[in-house]
Structures are given as structure tokens and as C-alpha cells.
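S.K.: Have a look at the structure that comes next, please.
The values are calculated or read from the model by the stated rules, or taken from the named source; none is laboratory data. Just so it is clear, the model here is predicted, and its values are computed rather than measured. Cβ: placed from backbone, ideal geometry, glycine included. Neighbour counts: every protein chain shown.
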Amino acid sequence: MGAYRVPEQALLHPPIFTWLSAVSPMLLDDLDRRLIALLQADARTAAADLARQLGVARTTVLARLARLEKQAVIVGYTVRLGQAEGDRGVEAYVGITTEPKAARLVTQRLASLPELRQLCSVSGEFDYLALLRAESTARLDALLDEIGAFEGVMKTTTSVVLARRIDRT
């Protein structure tokens, strides 16, 4: 596999690693991509273990990590907090359609909600896709009413998360 160009504005999920736009796009090869994938699965994996899994020397892994960090391909490492199933509450994805030129106001209002976990601008049917986590279905219902009443919000469409099948966040 040859090297490929990382498109500007590309975002690699989860937020442990963020691709930043650069004046000149970076070139990542297969080893870089496999290294990043292993770190996404477990950012605490020791360099020796990464090297073993990749079939390269430990110094190669360390050099690659240093280069990826220096070039801002990898911009940080983070901790994900676990939650017991019972403490989790209820999660929902909410598609939000806004009136033209109301995006900034709606975004500011949404940012004030502590239950908002993520907000993405999207193409397609909605303008935004929000991930909400509420303590109960009653609180989620109240949040949806609140969001629907925001000035500039034309429509919301909600899908409640029943189960996570794969979670790499």
C-alpha cells in the first residue's frame, strides 16, 4: 500500500487523535495508519507492544510517534470515563434543521446544554446532528421540547440509542 494524502479538514474519530488542516497535506503510509489504529484502540499500549504488533523495531515506533506528534497528526492522548449501564441514562441522536442564517444562535444555545455531548454540522436532511445524554427519558423529553423551542430551529428528529454495538470513542 502506498502513501496517501490526508484531506484538509479531515477528522479521525475518536477525539484522541485529530487531523488538522495544514498548509501542505501530510503523507501517511500504511505503517502510520496501522500505528494510529492501534493507539485508537488503546492509547496506553507500550511502544514495545506496538512494535511487536506492527512487526517493526521499538525505535521505529518511537520515531513515528515523535514525527506524528511534531506534525500535529496526533495532538493528544485522553482518558475515557466508563459508566455503569445503570448510571448511563439515555442517549439520543438528534437531527436539527435550522432556519437560514440561524446557525450561530442555535449553536450557542445548544452549547449551553450540559447534556450535549457532541454537535456536528452534517450534509443531508439535517443541518446538525447532536448527541445528547440525559439522566432519564423524562429529562430527554424536556430537552427535546427545549431545543425545539429555540429560535431558529425548524425541526428536530430524534433516534434513541438502544444499545452500542461497537464503541471506539
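S.K.: Could you pull out every one of the strands (runs of 3 or more DSSP E) wholly within the range 44-155 that has 2 or more residues that are buried (at least 16 other Cβ atoms within 10 Å of the Cβ), of a type outside the set (S, T, N, Q) and at pLDDT 95 or above?
M.R.: On the way: elements: 90-98, 116-121, 128-134.
Per the criteria, 90-98, 128-134.
S.K.: With the checklist (1) part of a loop (DSSP other than H, G, I, E, B); (2) under 26 Å from residue 42 (Cα atoms); (3) under 18 Å from the mean Cα position of the chain (by Cα) in hand, flag the one item residue 162 doesn't pass.
M.R.: (3)
S.K.: Additional query: Are there any pairs with C-beta distances below 7 angstrom linking a residue in the range 120-145 that is more than 16 Å from residue 109 (Cβ to Cβ) to a residue that is among the β-branched types (Val, Ile, Thr) and modelled with pLDDT under 95, with the two at least 6 apart or on different chains, and if so which?
M.R.: 134/90; 136/90; 137/90; 140/90
S.K.: Another question, then. Return the residues of the range 146-169 that are of a type outside the set (A, V, I, L, M), closer than 18 Å to residue 105 by Cβ and free of Cβ contacts under 8 Å to residues at least 40 places away in the same chain; say none if nothing qualifies. Don't jump to the end; show me each part of the working.
M.R.: Step one: of the range 146-169, the residues of a type outside the set (A, V, I, L, M) are 146, 148, 150-152, 155-159, 164-165, 167-169.
Restricting the remaining residues to those that are closer than 18 Å to residue 105 by Cβ gives 146, 148, 150-152, 155-156.
Correct list: 146, 148.
Conditions tested, residue by residue: (1) under 21 Å from the mean Cα position of the chain (by Cα); (2) within 25 Å of residue 167 (Cα to Cα).
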| site | (1), (2) |
| --- | --- |
| 30 | no, yes |
| 38 | yes, yes |
| 54 | no, yes |
| 60 | no, no |
| 64 | no, no |
| 75 | yes, yes |
| 79 | yes, yes |
